[in-house]
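Take a look at the structure below.
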Amino acid sequence: MAEISILKRPRGEASQTQRKFFKKTARGRVVKVLRECYLRDDVGCGIEQCTLCESHRGSRPPISGGGGHNVYSQNHYILPEANTFLQQMDLLESPSFSPAVIVLQTVLEEIRSRSLPLFNRINALMKGEEKKVWVFHNDFMRDTAVLGHENGSLAERHSAGIRKAVAWYNHHLQQTIRSHKVPTIVLITDDTEQENRAKEDGLTYTSIRTYIEGLQDNTNLLDILVDHGDGAKESAPGQKNPTLYPEYWPTAKLTAGVKSGELHQGHFNPNQYNYLEGNVTVPSFPKPLLLIGRENMNRSVQGDVVAVQVLPESEWRAPRNEVVDQDMALQNDDADNSIEGGETEDAEAKLSKKDKQGSSPKEFNPMEKQPTGRVVGIIKRNWRPYVCHIDRTSLTSSASTSIAQQTVFATPVDRRLPRIRIRTRQAPSLLEQKILVSIDRWEKTSRYPEGHFVRTLGKVESKEAELESLLLEYDVAYRPFGKAILACLPAEGDNWVVPPKDSNSAEWRGREDLRELTICSIDPPGCQDIDDALHARLLPNGNVEAGVHIADVSHFVHPETPMDSEAASRGTTVYMVDKRVDMLPSLLGTNLCSLRPYVERLAFSVFWELDSNAKIVNTRFTKSVIASKAAFTYEEAQLRKDDPNMNDELTVGIRLLNTIAQKLKAARMAAGALNLASPEVKIHLDSSESSDPVDVEQKELRETNSLVEEFMLLANISVAQKIQEAFPHTAVLRRHCAPPKTNFETLQDILVKRKGLSLDVSSSGALAASLDKCIDPDQPSFNTLVRIMATRCMLSAEYFCSGSVSRDTFGHYGLATPIYTHFTSPIRRYADVLAHRQLSAAISYTPLHPVLHSKAHIEQIMGNINRRHRMAQMAGRASVEFYVGLALKARSQRGGVTRQVEEDAYVIRAFRNGISVFVSALGIEGLVTFKHENKYDPNLYTVSLPDGTGKDVTIAVFDKVRVRIEVEKDRNTQRGKVKMTLASPIDSTNL
Amino acid sequence: MNRPELLSSYNYRSDGRRPTEMRSLSLLLSQHPQADGSATVTHGLTEVMVTVFGPRESKNKAGLAHDRAVLSVTLDVPVFSGVPGGRRGRSDKRNMEFTSNIKNTFEPVIQTHLHPRSQIDINIQILQADGSLLQAAVNATTLALIDAGVPMSDYVCATTCALHDSTPLLDLNSLEENDLPNLTVAVLPRSNKVTLVTLETQLAVERFEEMLKMAVEAGKLVHREMLRAVQNRSEKLMRAIESVGGGVGGRPDHRQGEERDVEMYAGNDL
């Protein structure tokens, strides 16, 4: 036990070390707060050669000085100010940045109060072993603390404290290091005031730029360096930049406005078809607020939390029925000069001219009218590093040897983001590469945000680069598991087995021995992480006993361990076409927890006794040990079931399961469950190694798929009921809220007008019934199309903590069950791990870890896994899209002959100058654009195209068309793009 | 403003202490001229004064016990003390709980059977609050009772201990007290017994033992401080008695205010 002591201090010191300040409480009262602070003498300086501080270093090793600098000695330390961290974090994180850094405690606190994410990044740096970072607690040190009674503003005191610390270091090192090689402490500051003061005090100081320039190996670092403001000062001394965007309101005014309801706060969400439009969903309006034009969007970037002022109702309008592509409209913009952009002005001017021609009020469908608004301030930026390509046309010199500093455009892969202007010396070598770019700022005088290059990901269209860029875009943690995490695995590693039966061993305590039971698993082919297995048998009383056995992950993953927190932060396993990013180390996922056949494994079992109508008579949960008798694929299981000659125990079990599953499904459908469709395709890889020529086919669904699904649903529901009963405040559940009726308005309108069909959305049952009636005898896949579109109108399902929402909103709309959770895939979903722990506590197998009693803790985890789940889905889809692109390329070039790929497609949205189509065979959505404007009827959702002979061909939503599909590499951005042109009813190549 | 980190990753608490370091402690005896015994105890910025009257005849005959003395504890929380929650009346639930905690802690320690049919009044004044009020009040009451000469079987030394993740923190200030699960423990250091444990928040059972042990250890440290304070006080008294007894006629020196106080009360006693 650490030594207990009382810190004694003389009475006189109290007046210096007490910090008095005034605080405004939530109710608006002003309270005086007094806090004390203990000054110490035992704060370690962290310098390696220091002999004085050896005794009070604590557990952290001291750091050695850095070298490799032209100006400073072989042994120097840099001591940056808070601003340096706030602006140059990428630089400090870069692996080629090696100087020893001393971080002052006051600097750290400043960073913490300004940006928590940055603070966490610094903390991560300090924890890692690659960087030489030492935190000096100057505010707790008697000699360096700046005391409350000293005069001056907070900022002045802060910078005085930094100087004091540097001075102390100089003095301290003189004292302790007797040799003449005393290390230098270099203060890094960009503040002129601070520089002057440092000069007065005789300290060594420099700006970050000069420091990096003086480093011997700096080419990489100079690019990462954020040019903060100086550049603008240099470039345009006399000429004043005109203001392109309105100034943001002051923060106080924004908060007051949001509070009073005058302003609305929400996430900015740009329109992916039209870069000059965006919307913000706010709670006070049923429809999202529409932001039209650059000025109204006022420098907001996708994901930012913005404050919006609503415009008068006379200016409300519908979204434009037009596709405006940023790359096309802005292709002539000069990166160096943000003000010119003649073409851009035109694009915007053209649009507003069109509005003025008077046709616009009639042109939009009054039903689609939305409130409009303008952004007056940013509540919170949500900038992250973006995956980009360098725009070739923006290069002034593309000679590969040129190392001149150039200002170029980086075009983000995500089309909702604006182009980012970056300055780099290595522009030519970055062409054809995927690179990571961070946005630094967006001045009101600049049309584009300014950013800096972070690192390259690899060559465009190389699988590694594409994969990494997808993972980065969707924020998937894909680093290998760290040492601390792997240390949580059983020491036996691959050789771990269930020990021989012994009721006293940790594995067997309280477990049922089900090794004799005929259990099998049914999974997709090639599945390695088998987390569920099933069995069924007839009971003597005529009822059926069915059981679902789930891998007992919670036996291996204990709460509050590094492995657990890593899994919680990853949230889910991400499946890409050719890669799986695991949530748990693969030893668990594919071996110890995988319910492989003929091997004894620990499981968590759910048993039901079901009567002949598949009604549950009895449910039982138990931890168990099982030995699966077979691992089938869906296809194998199906064949076995259908083969009348097979009558072994396994097959009989599968048949039994199947009959129950059918009854369960019928009951579920009767209760109003939705049968939704989402386009799912399967990518054929040629071989696991090359995976080059690929093909696409639609996924086939077999009876056995539904068999497994039904039992997993049943298990999830039973578990949900049990844990909700046991832990009414903290149970981990999943729900799917009923979508607001307004979501369906457009779809209903289209259906009525185009097909004369109606959609009843009053309940999920009614919707299911009316979806069944949406049949067009001429178009067999019309029904699927409607289902896909209906699915898009719905909300997404989410995890939640049962104590945080009212009881009547627990329901799952899509499944039509009053309560639901995820229990059956603990290897790949973290929510299931939590459900396992709660169920295990509910059956009194293990006590519930205290953190699972805390609602706040659960809510925090739920928020994270909901986000991760969404991101994982999007990443998976994006990966499929990329491979579909590759497949198309392969298909069109098969046999050395270039052929065009033509597919059937359905129109899902019509614009004045284009149509959006869905190609069901490939499961992708594409855009067909026309060069000219066409007659567009927003009321009937049709667009009319001239067929050359003077007649018009009308294309409407839901029409079946044939499109030519090709993958085209965008000349400027190197972005692989699926390009579609209409082949029938009319060839749109020339339109 | 951001809430300060209660325990940084460098093992510093928000006020510069390490987890097992307690705040500056000062123990002053006989501060109050009228009371039979009094003590002012400060733990950092928490300051509590306790005055003890008695054992004396009770005004309230109904509450008397024929075989022992009864304790009557009152608590004053002036508005300037900075205790959150505004003005508290005498019948405030939190006050009642606080006083009954004190009463229950001391009843078994005071040798009440030596003073049948009498009453001991303990008045607790919170002068300044910055967390760990109960701890300060218990320590001050012990010293005030000793100062008053009330016979007790042992010292009662209180400490607080909170849990931050898995690190126990000793002697909490208000920031820590508000945000962390914490317990107040009062120990009898000579007999190694615990007379009071309060825990108003949830806590993992596995951690409780560790925290309790640490609090008991800390209590022994507080005990040493108390012994020293009482010893100093006794020595002063002794000196005062000697000077009064030995001095022929002449008035002793009045160099220090404290010395004067001591002498005056010593004179009263004699």
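Every number in this text was worked out from the coordinates using simple rules, so none of it is lab data. Keep in mind that this is a model prediction, so the values were computed, not measured. Note that each Cβ is placed from the backbone with ideal geometry, even for glycine, and that neighbours are counted across all protein chains shown.
Taking a ≥ b ≥ c as the square roots of the Cα gyration tensor eigenvalues, with a/c under 1.5 meaning rounded and otherwise prolate when a/b beats b/c, else oblate, which class fits the range A:593-676? Can you show the working numbers first?
Values: a/c = 1.78, a/b = 1.20, b/c = 1.48.
It comes out oblate by the Cα gyration axes.
Give me a single rounded figure for B:197-205: the average over its residues of other chain Cβ atoms within 10 Å of their Cβ.
Going residue by residue through B:197-205 and averaging, the value is 1.
Hey, got the average number of other protein chain Cβ atoms within 10 angstrom for residues in B:170-176?
Working: counts 4, 3, 0, 2, 3, 2, 0.
Partner-chain Cβ atoms within 10 Å, mean over residues of B:170-176: 2.
Using Cα pairs under 8 angstrom and six or more residues apart, how large is the relative contact order of chain B, in percent? Don't skip to the answer; put the middle values down first.
On the way: 502 pairs, mean separation 49.2, N = 270.
That works out to 18 percent.
Per the Kirkwood definition applied to all pairs of different Cα atoms, how many angstroms is the hydrodynamic radius of the range B:25-241? Let's see the in-between values first.
On the way: mean 1/r = 0.0566 Å⁻¹.
For the range B:25-241, the Kirkwood estimate is 17.7 Å.
Can you flag which of A:LYS253/A:LYS444; A:LYS20/B:LYS236; A:LYS8/B:LYS236; A:LYS753/A:LYS935; A:LYS32/A:LYS380; A:LYS753/A:LYS773 are past 28 Å Cα-Cα? Before the final figure, lay out each step's value.
Details: A:LYS253/A:LYS444 19 Å; A:LYS20/B:LYS236 37 Å; A:LYS8/B:LYS236 23 Å; A:LYS753/A:LYS935 18 Å; A:LYS32/A:LYS380 30 Å; A:LYS753/A:LYS773 16 Å.
Table pairs above 28 Å Cα-Cα are A:LYS20/B:LYS236; A:LYS32/A:LYS380.
How high is the FRET efficiency between A:HIS171 and A:SER64 when r is their beta carbon distance and R₀ equals 25 Å, given to the nearest 0.05?
Values: r = 21 Å, r/R0 = 0.82.
So, using R0 = 25 Å, E works out to roughly 0.75.
Along the three principal axes, how long is the range A:487-616 when you take its alpha carbons, biggest first, rounded to the nearest angstrom?
Taking the Cα atoms of the range A:487-616, the three principal extents are 49, 42, 27 Å.
Could you tally the net charge around A:LEU610, taking each other residue with its Cβ under 15 Å from the Cβ of A:LEU610, Lys/Arg +1 and Asp/Glu -1? Intermediate values should be presented prior to the final figure.
On the way: positive: A:ARG537, A:LYS615, A:ARG620, A:ARG655, A:LYS663, A:LYS665, A:ARG668; negative: A:GLU545, A:GLU609, A:ASP611, A:GLU710.
Spelling it out: positives minus negatives among the neighbours equals +3.
Just tell me how shielded B:11-22 is by partners: mean number of partner chain Cβ atoms within 10 Å of each residue's Cβ, no decimals. Working shown, then result.
Values: counts 4, 9, 2, 2, 8, 15, 7, 9, 2, 5, 8, 5.
For this peptide, the per-residue mean of nearby foreign Cβ atoms is 6.
Beta carbons within 10 angstrom, averaged per residue: use that to sort the peptides A:413-421, B:58-66, A:844-852, highest first.
Numbers: A:413-421: 21.1, B:58-66: 10.4, A:844-852: 15.6.
Most protected by this proxy first, the peptides run A:413-421, A:844-852, B:58-66.
Kindly provide log₁₀ I(q)/I(0) values, in the same order as q = 0.15 Å⁻¹, from the Debye equation applied to equal alpha-carbon scatterers of the range A:389-502.
Computed log10 I(q)/I(0) values: -0.73.
Modelling each spin label as a point 7 Å along the Cα-to-Cβ direction, I'd like the A:ARG294/A:HIS932 distance in nm, to one decimal.
2.9
Give me P(r) over chain A, computed from all C-alpha to C-alpha distances, binned every 10 Å, as integer percentages.
Reading upward from the zero bin: 2, 9, 16, 20, 20, 16, 11, 5, 1, 0, 0.
Helix-only mean residue ellipticity at 222 nm, chain A, DSSP H runs n ≥ 4 weighted -39,500 (n - 2.57), per residue, nearest 500. What is it?
On the way: 26 runs with 288 residues, N = 991.
Theoretical 222 nm ellipticity from helices: -9000 deg cm²/dmol.
With each label point set 7 Å from Cα along the Cα-Cβ vector, what nm distance links A:CYS527 and A:GLN74?
6.3
At a threshold of 8 angstrom on Cα-Cα distance, excluding pairs fewer than six apart, so keeping six or more, what relative contact order does chain A reach in percent? Each step should come with its number before you reach the end.
Details: 1832 pairs, mean separation 76.6, N = 991.
Here the relative contact order equals 8 percent.
Expected output is a single nm value to one decimal: the length gained when fully extending between A:GLU54 and A:ALA491, i.e. 0.36 nm times separation in residues minus the C-alpha distance. What is it? Write down the numbers at each step before the final one.
On the way: separation 437, 0.36 × 437 = 157.32 nm, distance 3.62 nm.
Here the segment from A:GLU54 to A:ALA491 would lengthen by 153.7 nm.
Pull up the cross-link candidates among the lysines for A:LYS463, meaning alpha carbon to alpha carbon under 20 Å and not fewer than 8 places away within one chain.
Cα-Cα hits under 20 Å: A:LYS434, A:LYS579, A:LYS682, A:LYS889, A:LYS969, A:LYS977.
List the relative contact order of the range A:54-224 as a percent without decimals, with contacts defined as Cα pairs under 8 Å and 6+ residues apart. It would help to have the intermediate numbers written out before the result.
Working: 219 pairs, mean separation 46.5, N = 171.
After rounding, I find 27 percent.
So how do A:741-753, A:80-92, A:279-291 stack up, highest first, on mean other-Cβ count within 10 Å?
Details: A:741-753: 16.5, A:80-92: 21.8, A:279-291: 18.5.
In descending order of packing, they fall as A:80-92, A:279-291, A:741-753.
Once the principal axes of the Cα atoms of the range A:54-224 are found, what is the range along each, listed largest first in whole angstroms?
46, 41, 36
At a Cα cut-off below 23 Å, give the lysines reachable from B:LYS193, other chains included and same-chain residues fewer than 8 away excluded.
Output for B:LYS193: B:LYS103, B:LYS213, B:LYS220.
Given a Förster radius of 41 Å and the C-beta distance between A:MET669 and A:ASN647 as r, what FRET efficiency does 1/(1 + (r/R0)^6) yield to the nearest 0.05?
Working: r = 31 Å, r/R0 = 0.75.
My answer for the efficiency is 0.85.
Around A:ARG735, under 13 Å between beta carbons, what's the net of Lys plus Arg minus Asp minus Glu among the other residues? All intermediate terms of the calculation are to be shown ahead of the outcome.
Working: positive: A:ARG734, A:ARG807; negative: A:GLU798, A:ASP808.
Surrounding charge for A:ARG735 is 0.
Would you kindly calculate the translational diffusion coefficient of the range B:98-193, applying Stokes-Einstein with the Kirkwood radius from alpha carbon pairs, for 10 °C and a viscosity of 1.306 mPa s, and quote it in µm² s⁻¹ without decimals? Spell out each step's value before the answer.
On the way: Rh = 14.5 Å.
D = 109 µm²/s.
Cα to Cα, under 20 Å, and not fewer than 8 places away if on the same chain: which lysines meet these conditions relative to A:LYS855?
Straight-distance partners of A:LYS855: A:LYS722.
With a Förster radius of 22 Å, plug the Cβ-Cβ distance of B:ALA204 and A:ARG807 into 1/(1 + (r/R0)^6) and report the FRET value to the nearest 0.05. Please report the intermediate quantities before stating the final value.
On the way: r = 29 Å, r/R0 = 1.31.
The pair B:ALA204/A:ARG807 has a calculated efficiency of 0.15.
Kirkwood hydrodynamic radius for the range A:776-888: how many Å is it when counted over pairs of different Cα atoms? Let's see the in-between values first.
Values: mean 1/r = 0.0583 Å⁻¹.
That comes to 17.1 Å for the range A:776-888.
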